[in-house]
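Structure first, commentary second.
Bear in mind these aren't lab numbers, they're just calculated from the coordinates by the rules spelled out. All figures in this text were calculated on a predicted structure; none of them were measured in a lab. Please note: Cβ atoms are built from the backbone with ideal geometry, for glycine as well, and neighbour counts cover all protein chains shown.
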Amino acid sequence: MTRFKGRRIFKGKIEGEALVTGDDISFFGGCDPETGEIVEKGHELEGKSIAGKILVFPTGKGSTVGSYVLYALKKVGKAPLAIVNESTDTVVAVGCIISEIPAVDQIEISNIQTGQKIEVDADNGIVSIKGKSYDHPD
Amino acid sequence: MDLSREEQEMLDGKYGKATKKSMEIITTLGEIYGAERLISVSSVQIAGVSYHNLGEAGLEYLAGMAEDGRTKVLTTLNPAGMDLVEWKKHGINNDFARNQQRVVDIFNRMGVVTTCTCTPYLIGNLPHYGEHIAWAESSAVCFANSVIGALTNREGGPSALAAALTGRTAEYGLHLRENRIAQVKYEVQTKLEDTDDFGLLGHVIGVRTGKEIPYITGIVSVTMEKLKSFSASVATYGGVALFHMENITPNRTLVPDRTEVVTREDLDAARMTLDDDEADIDFISIGCPHASIKEIARVAELLEGKRVAEGKTVWITTAKPTKELAIMMGYYETIENAGAFLVSDACCAVAPLKERFKGLMTDSAKACFYARGKNKFKTEIRSIEQCLEEAVT
């Protein structure tokens, strides 16, 4: 099992399937608050839903109203299970705190691949890769 | 991070759940940015007011905070999506108005002074030099840091609210003197005229400087209104939260060696960028950031005895107390008699105007940005005089 040590942004411990992008995410305007679908034109995850995934991306961008979009997603059950960043920006950090989404940053995200089963232990700032893949067993 | 006993108790929930949640936000941001302690703030400006942007979930969050959260310091509010009194005649629909009022009522319950404006410094929320504050609204942040010399980071809606409910913020970023030193010098080699010119300068410097703190020379004459226009533009196009302007702004700084020049050609190029080809102008708006009483007096003078042309809509946007003053002085009557609207509490960037108009003419570079991105209008940037000439032609 591979483990990476980062920094706690918001507490919690959860296991799930990773959804990884190298593109930054703007939640306000870039993510549908009702479905969890990424709607930003040309985004690597355009058309994909972040609901129920462990969302792995470099950092947030865009309007501070984005924090409320994470809150809206949580309310309708479409929020990511956890968030893993290289460097969490204030919009995402505040969004995770108000929505109580576990989050860790200072993780080299290129080590994680979409579909891998990972565990986020935010209390200790640890991200662990538990299994190869949900979708493509080899 | 070192917390005082009272701060630790706030975090532990002794002062209720809104205070606890607020402390979680503040201490987490402090940890992310390496703050060693919290500091007291004496003034807060909250953003995230338009129901359009907040949505039902945002409103629900605020309602939760309002259950036991009360402001500890003077707190004012950013523009809403409508004039809270005269919304109907501006074409705002009933559903939106009802929901917008719900948002404002929730802030009111928390003790926020619910006059909705992006220029709190014009209506009584005016910090002094060296005062630590926690403001959202990028244009006001830039104005407060630079023109007034108060100290604030660029807060978001929830973090500003957290500061309001605790009277605290984490000590990092622009609260520390060492982070307020100019990094690059801009020599302006052309004479600037009106507010639109200062908006263009904000565009030129904002785009070039990004997050680097500019030191601007060559500006010989300004007004508060021109600095307001520049602050809004440089914050919109560059994310600038602090600038220095030689012989004009009060902060002490070292003068950077690295120098760039800004010429009339640069400003012309910025104007070309903000002017769309064949913009069909049917909407004229002045007051981004909110118009001062001096600007409103000028508008009234220019509209005296004139009539806004058929098919055109004019919004002069301002804060409620300034509108009251304009009513008292007869400016409101002059403006409205000409067929223009003096709109308080709202602005053309946050009102629900998407696709309602084809082309906006304004003196504000910031307004151009939101008109295009959010509302899908074409834009032209001109002086206030030219805007109103267009309105009556």
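Taking the Cα atoms only, what angle lies between the long axis of helix A:66-75 and the longest principal axis of chain A, rounded to 10 degrees?
70 degrees
Mind checking which helices in chain B clear 18 Å along their axis (Cα) and have mean Kyte-Doolittle hydropathy of -0.5 or more, DSSP H runs only?
B:17-32, B:51-68, B:195-209, B:224-238
By count of other Cβ within 10 Å, fewest leading, how are A:H43, B:H244 ordered?
The most exposed by this proxy come first: A:H43, B:H244.
For the stretch B:97-191, what does the equivalent ellipsoid look like in terms of its semi-axes, each the square root of 5 times an eigenvalue of the Cα gyration tensor, given largest first in whole Å? Each step should come with its number before you reach the end.
Working: eigenvalues 164, 59, 26 Å².
So the three semi-axes of the stretch B:97-191 are 29, 17, 11 Å.
If each Cα of chain A is one equal point scatterer, what is log10 of I(q)/I(0) from the Debye formula at q = 0.12, 0.20 Å⁻¹?
Scattering profile of chain A, log10 relative to I(0): -0.39, -1.14.
Taking 37 °C and 0.692 mPa s as the conditions, I'd like the Stokes-Einstein D for the stretch B:5-177 in µm²/s, using the Kirkwood hydrodynamic radius from alpha carbon pairs.
Values: Rh = 16.3 Å.
Once the numbers are plugged in, D ends up at 202 µm²/s.
Among A:R8, B:R102, which comes first, then next, by fewest other beta-carbon atoms within 10 Å?
Details: A:R8 20, B:R102 15.
Ordered by Cβ neighbours within 10 Å, fewest first: B:R102, A:R8.
Using the alpha-carbon centroid of each, what span in Å lies between the stretch B:229-300 and the stretch B:1-57?
Taking the Cα centre of the stretch B:1-57 as reference, the centre of the stretch B:229-300 is 32 Å away.
Cα axis of helix A:90-99 to longest principal axis of chain A: angle in degrees, 0 to 90, nearest 10?
80 degrees
In the structure shown, do any of A:K61/B:K89; B:K226/B:K320; A:K75/B:K17; B:K228/B:K320 have a Cα-Cα gap over 27 Å, and if so which?
A:K61/B:K89
Could you give the alpha-carbon Rg of the protein assembly as shown over 2.2 N^0.38 Å, rounded to two decimals?
The reported ratio for this selection is 0.98.
Over chain A, what is the relative contact order in percent, taking alpha-carbon pairs closer than 8 angstrom and at least six residues apart?
Relative contact order of chain A: 35 percent.
So what is log10(I(q)/I(0)) for the stretch B:275-392 at q = 0.16 1/Å, when the Debye sum runs over its Cα atoms only?
The Debye formula, applied to the Cα set alone, gives -0.65.
Which residues' amide hydrogens lie under 5 Å from the amide hydrogen of B:M245, considering only partners 5 or more residues apart or on another chain, with H built in the peptide plane?
For B:M245, the qualifying residues are B:I216.
Using only helices, what value at 222 nm comes out for the protein assembly as shown when you add -39,500 (n - 2.57) per DSSP H run of length 4 or more and divide by the total residues, to the nearest 500 deg cm²/dmol? Intermediate results must be reported in sequence, preceding the final value.
Values: 17 runs with 185 residues, N = 531.
Here the helix-only value at 222 nm equals -10500 deg cm²/dmol.
Tell me, what are the semi-axes, in whole angstrom and largest first, of the equivalent ellipsoid of the stretch B:214-289 as set by the roots of 5 times the Cα gyration tensor eigenvalues?
27, 16, 11
I need B:F198, A:F10 ordered by Cβ neighbour count within 10 Å, fewest first.
Least to most surrounded, the residues fall as A:F10, B:F198.
Bin width 20 Å, origin at 0, all Cα-Cα pairs of chain B: what percent of pairs per bin?
Percent of pairs per bin, in order: 29, 57, 14, 0.
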